[in-house]
Amino acid sequence: SSVLTNSLRPVILAAARSPRCEHAITRAPLSRQVVNRFVAGRERSDAIAVVSRLLDDGRYVSVDFLGENVTDAGSARATVHEYLSLIEELGKFSGTLAPVPRVEVSVKLSSLGAELNTDVAAENARTICAAAQSAGVWVTVDAEDHTTTDATLATVRSLRADFPWLGTVLQAYLRRTESDCLAFDDARIRLCKGAYNEPEAVAYIRREDVTASYLRCLDILCRGTGYPMVASHDPVVIAAAARMFCGVERFEYQMLFGIREPEQARLVAEGQHVRTYVPYGSAWYPYFMRRLAERPANLAFFLRSVVAR
Ligand code: FDA
């Protein structure tokens, strides 16, 4: 299956960026169930219903309003407004930032206009952080493709001067990430493997190399003074993290909505903090395609549901 994943992955990830594929797939008679396996729904109310259920089950959550690569200022503003409404609703579940808020939002700077102007995106992110801080909600900035990494980390660094609790994502498949972990070893860092189609010049390609890099990065974060967040469904990573976390004061596990639910429940039962990433919104296409690319079984599930109709 890993041979299949390796050969299909770049094809699916290329389709994730193709407007023609997006047009075809978003208009295909997809059953709601297929998309809703990974996405909480289209509306904010769908996300809030899922959040409420997950919190009742002892999970923590990070809610993502789906959208990326926004190319006009008006859409970026609309995204900010959606986040402000979301934060207001999530604040009812939280109340205070201390010690660890159960609710968080995740945001992509490209959904706040970073492709148009990084300063505008940074100001939009600042507006979101200020609202989140007063609502007792955390914010973590997602990692996008490697061409955006420098700008994203520069924005996060400057926002952390005012919002030291602000988190960001680092992607272990990038060759640069060990040094980024050192630079951010006092920060709240969500470490993931990385979900984009990256060239070998900047990224490890073989699964074993990505996992090895992940463990080196996690080791750096565990020796730092920050708050490591292990965002992975990989049993090898989760077992290694359990060992490395000995002696680390604050840390958490994170997984995506709809993926390895029994494992998420098992960690909660063990007394661990598990934060589930809950995406919602109508711009589900690229997110959904990245999930398909991660696992041939997901692709087969998707194709069966399309063909069966
Ligand atoms: P890996 O892909 O090696 O999978 C290990 C095992 O986990 C599989 O064998 C299977 O059992 C299970 N599994 C994994 N993916 C599955 C799926 N889609 N469906 C069903 N089972 C699956 N990426 C990024 O580039 N930028 C970002 O900002 C983020 N943010 C983010 C937040 C959170 C909370 C998580 C958990 C992940 C991300 N990611 C991300 C995605 C991440 O980079 C990566 O693509 C996926 O987590 C898959 O990698 P794993 O480490 O889970 O292992």
Residues with amide H under 5 Å from that of ALA187, placed H, sequence gap 5 or more = GLY226, TYR227
Go through GLN264, LEU303, PHE288 and say which Cα lies farthest out towards the positive end of the charge dipole of the range 248-309; charges sit on Cβ, +1 for Lys and Arg, -1 for Asp and Glu.
-> LEU303
For TYR277, residues with placed amide H under 5 Å, excluding near neighbours = SER62, MET255, LEU256, PHE257
Against the 2.2 N^0.38 Å rule of thumb, the C-alpha Rg of the range 1-56 sits at a ratio of 1.51
For the range 1-57 and the range 126-182, write down the distance between their C-alpha centroids in whole Å.
-> 24 Å
Long-range HN-HN contacts of LYS108 with modeled amide H, under 5 Å | ASP142
Using only the Cα atoms, work out Rg/Rh for the chain, with Rh taken as the Kirkwood radius, to two decimals.
-> 0.93
Restricting attention to the range 201-253, which trypsin sites (Lys or Arg not before Pro) occupy a DSSP loop and are surrounded by at most 14 other Cβ atoms within 10 Å?
-> ARG206, ARG250
For the range 59-282, the dipole about the Cα centre with charges only on Cβ (Lys and Arg +1, Asp and Glu -1), to the nearest 20 debye, works out at 620 debye
With the Cα gyration tensor of the range 1-158 in hand, give its eigenvalues times 5 under a square root as the equivalent ellipsoid semi-axes, listed largest first in whole angstrom.
-> 27, 22, 16
Could you pull out the longest piece of the chain with no exposed loop GluC sites (Glu not before Pro) in it, calling a site exposed if DSSP puts it outside H, G, I, E, B and it has at most 13 other Cβ atoms within 10 Å?
-> 44-199
What per residue convex hull volume, in Å³, comes out for the range 252-302 when only alpha-carbon positions are used?
-> 84 Å³
Helical mean residue ellipticity (222 nm; -39500 (n - 2.57) per DSSP H run of 4+; nearest 500) of the chain = -15500 deg cm²/dmol
In the range 112-173, trypsin sites (Lys or Arg not before Pro) in a DSSP loop with at most 12 other beta-carbon atoms within 10 Å | none
For the range 151-309, max minus min Cα coordinate along each principal axis, in Å, sorted largest first?
-> 53, 39, 33
Least to most buried among TRP138, TRP284, by other C-beta atoms within 10 Å and fewest first, runs TRP284, TRP138
Which of ALA125, GLY226, VAL141, positive extreme of dipole for the chain (C-beta unit charges) = VAL141
Under Karplus coefficients 6.51, -1.76 and 1.60, residue-wise ³J(HN,Hα) of the range 161-167 in Hz, glycine/proline x | 4, 9, 10, x, 7, 4, x
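Values in this text are rule-based calculations from the coordinates and carry no lab data. Since the model is a prediction, treat every value here as computed from it, not as a measurement. Virtual Cβ from ideal backbone geometry, glycine too; neighbours counted across all protein chains shown.
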